[in-house]
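Let me begin by presenting the structure, written as structure tokens, before commenting on it.
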Amino acid sequence: MKLATLKDGSRDGRLVVVSRDLSRAAPAPQVKTLQAALDDWEAIAPELLALAQRLDAGMIAGTLEFDPAACLAPLPRAYQWADGSAYVNHVQLVRKARGAELPPSFWTDPLMYQGGSDSFLAPTEDIPLAEESWGCDLEAEVAVIIDDVPLGATAETARAAIRLLVLVNDVSLRHLIPAELAKGFGFFQSKPSSALSPCAVTPDELGAAWDGGRVHRPLLSQVNGVPLGAPDAGVDMTFDFPTLIAHAAKTRRLTAGSLIGSGTVSNRGPDGGPGAPIAEGGVGYSCLAELRAVETLRHGAPRTPFLKWGDRVRIEMLDETGRSIFGAIDQRVAPVS
């Protein structure tokens, strides 16, 4: 099933079930918010699924036309946002471009940071940018929303806790990152609010594309209508979602409604190298930093600028028939007034 949160004037919105073709929606009568559903998932999910089946069968009168512009993020705020860097190829390329070696441990021990979860941007909400000089970038990712996970959970325990999946635009301010990391205390100002796709979907909505730990579909991103990336999210994912969840739970229990991100989706080229832009027949890149890293390796310097005011970003994933699975993240970069 597909779930979304409509604007209703409150902080956390109104939970709705969305039809498989993303055309219609019906309010969930059992609970008001997605977090409330996650808090009692075993009891609430079967009722939501029954509603979704009736909706898809055209058995519900008075349904709403589904409009992503009327949506908040599925979880407008969450208890946890822990973002991994499961595609080590991405980290390797960015480090190589600045002449830094990749520590061998990066291939065996996941990278992860704790991001801000108090406010997620809606799927069509502007990306607020106070200064263009900060180097605003998109990062197209997949994330899972989980149930409670105990401290010290195994990957198998973690796998059973995956409830929903969403797409993420993990907005990054690239020119603020170096100074923050140099302090040795991690990201904060350089990682503002991320955006989530209109819908969060249960794993069965992905069909054979979901193997229990990875999503085997291209993740499409565009800047100003020009394709930037179409890497397959199931390829070159060094650490799958159960591994990332277990990593996060090594020293703490995780609460229902926590999000665990994949990090920027990135594929190697056929020769094992950095790959090529879409315009050259490659699968491209899921962020501008990776494209700029490849440009630096090829030409000695980056050629593509970071996002400017007025630029538009679109992130989407289609099923094998070409139908949108999550709906699209479709945002404009806007100055802060």
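The values are calculated or read from the model by the stated rules, or taken from the named source; none is laboratory data. Since the structure is predicted, the reported quantities are computational estimates derived from the model, not experimental observations. We place every Cβ from the backbone using ideal geometry, glycine too, and count neighbours over all the protein chains shown. Surface accessibility is based on the protein's heavy atoms, side chains included, excluding ligands, DNA and RNA. Shrake-Rupley method; radii C 1.70, N 1.55, O 1.52, S 1.80 Å.
For this structure, a couple of remarks:
- Comparing mean-square fluctuations of Ala26, Ala122, Ala61 from a GNM of the chain with C-alpha springs under 10 Å, the top value falls on Ala61.
- Span from the the stretch 48-117 Cα centroid across to the the stretch 258-299 one, whole angstrom: 18 Å
- In the chain, the longest principal axis of the Cα atoms and the axis of helix 288-299 are about 30 degrees apart.
- Between the Cα long axis of helix 88-97 and the first principal axis of the chain there is an angle of about 30°, rounded to the nearest 10.
- Taking trypsin sites (Lys or Arg not before Pro) in DSSP loop conformation with at most 15 other Cβ atoms inside 10 Å as exposed sites, the chain has its longest uninterrupted site-free stretch at 12-97.
- Database remark: amide H of Gly13 closer than 5 angstrom to the amide H of Asp8 (H placed geometrically; neighbours at sequence offset of 5 or more, or on other chains; Pro and chain starts carry no H).
- Scanning residues 5 or more positions from Phe66 or on other chains, those with amide H under 5 Å from its amide H are Arg24, Ala25, with H placed 1.01 Å from N in the peptide plane.
- Sequence-distant lysines (8 or more away, or on other chains) whose Cα lies within less than 29 Å of Lys308: Lys7, Lys96, Lys183, Lys191
- For the stretch 22-39, backbone phi angles converted through the Karplus equation (6.51, -1.76, 1.60; θ = phi - 60°) give residue-by-residue couplings of 6, 9, 10, 9, 9, x, 7, x, 7, 9, 8, 10, 5, 4, 4, 5, 5, 5 Hz, Gly and Pro being listed as x.
- Within the stretch 251-271, backbone nitrogen closer than 11 Å to the virtual label 7 Å beyond the Cα of Thr157 toward Cβ: 251-254
- Using alpha-carbon coordinates, inclination of helix 41-56 to the longest axis of the chain, degrees: 80 degrees
- Amide H within-cut-off set for Phe326, under 5 Å, with H built and near neighbours excluded: Met317
- With θ taken as phi - 60° and the Karplus curve 6.51 cos²θ - 1.76 cosθ + 1.60 applied, the whole-hertz 3J(HN,Hα) list for the stretch 197-208 is 5, x, 10, 9, 10, 6, x, 5, 5, 8, x, 5 Hz, x standing for glycine and proline.
- 1.4 Å probe accessible area per residue over the chain, in Å²: 42 Å²
- Of the chymotrypsin sites (Phe, Trp or Tyr not before Pro) found in the stretch 28-82, those in coil by DSSP whose Cβ has at most 15 other Cβ atoms within 10 Å are Tyr79.
- For the stretch 75-85, 3J(HN,Hα) computed residue by residue from phi via the Karplus equation (6.51, -1.76, 1.60; θ = phi - 60°) reads 10, x, 8, 9, 6, 7, 9, 10, 9, x, 9 Hz, glycine and proline entered as x.
- Projecting label points 7 angstrom from Cα along Cα→Cβ for Ala301 and Gln53 puts them 6.2 nm apart.
- Lysines whose Cα lies under 23 Å from that of Lys2, excluding same-chain neighbours fewer than 8 positions away: Lys32
- Contact order, relative form, for the stretch 232-314: 19 percent (alpha carbon pairs under 8 Å, 6 or more residues apart, mean separation divided by residue count).
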